[in-house]
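Undergrad: Encoded as structure tokens, here's the structure I'll be asking about.
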Amino acid sequence: MTVTQPVTFEFDPYDPRFWDDPYPSYWVMRHEYPVYYGGNPPCHMISRYADIEPAMSDWPTFSSARGVLVGTDSSQLVPGRGVAHVPVTFDAR
């Protein structure tokens, strides 16, 4: 049987204390919670390059179609425009 430790780390990117010194939070996320789900509003955060690089290539699973801002759903705004358009296409000219 696997025993899971309760999450004692809380990451809030809107907390002014985070902006005063973000590096301790980044360290904890990279070393203890490389794929973190939490916050208010809740969201997923990936903190290590080794995990981010494959996620960036898997756009169907890790889609930005519903927006890129935490706690918002911009999918109803202007479909197919901006950074929320997935998949991104680049035309060679």
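Just so you know, all these numbers are worked out from the coordinates, no wet-lab data involved. Everything numeric in this text was worked out from a predicted model, so none of it was measured. All Cβ positions, even for glycine, are placed from backbone atoms using ideal geometry, and neighbour counts span all protein chains on display.
Undergrad: With the crude spin-label approximation of a point 7 Å out along Cα→Cβ, what separation in nm comes out for residue 62 versus residue 9?
TA: According to this spin-label approximation, the distance is 1.7 nm.
Undergrad: What net charge is computed for the residues neighbouring residue 24, neighbours being all others with C-beta under 14 Å from the C-beta of residue 24, Lys and Arg scored +1, Asp and Glu -1? Intermediate results must be reported in sequence, preceding the final value.
TA: On the way: positive: 17, 30; negative: 10, 12, 15, 20, 21, 32.
That sum, taken over residues with Cβ under 14 Å, equals -4.
Undergrad: For residue 43, what residues show an amide H to amide H distance below 5 Å, using hydrogens built from the backbone and excluding near sequence neighbours?
TA: Long-range HN contacts for residue 43: 38.
Undergrad: Computed over the Cα atoms of the range 8-57, what is the ratio Rg over Rh, Rh following Kirkwood?
TA: 0.97
Undergrad: Here is a further query. Amide H of residue 11 versus every other amide H placed in the peptide plane: which residues, excluding those fewer than 5 positions away on the same chain, fall under 5 Å?
TA: 39
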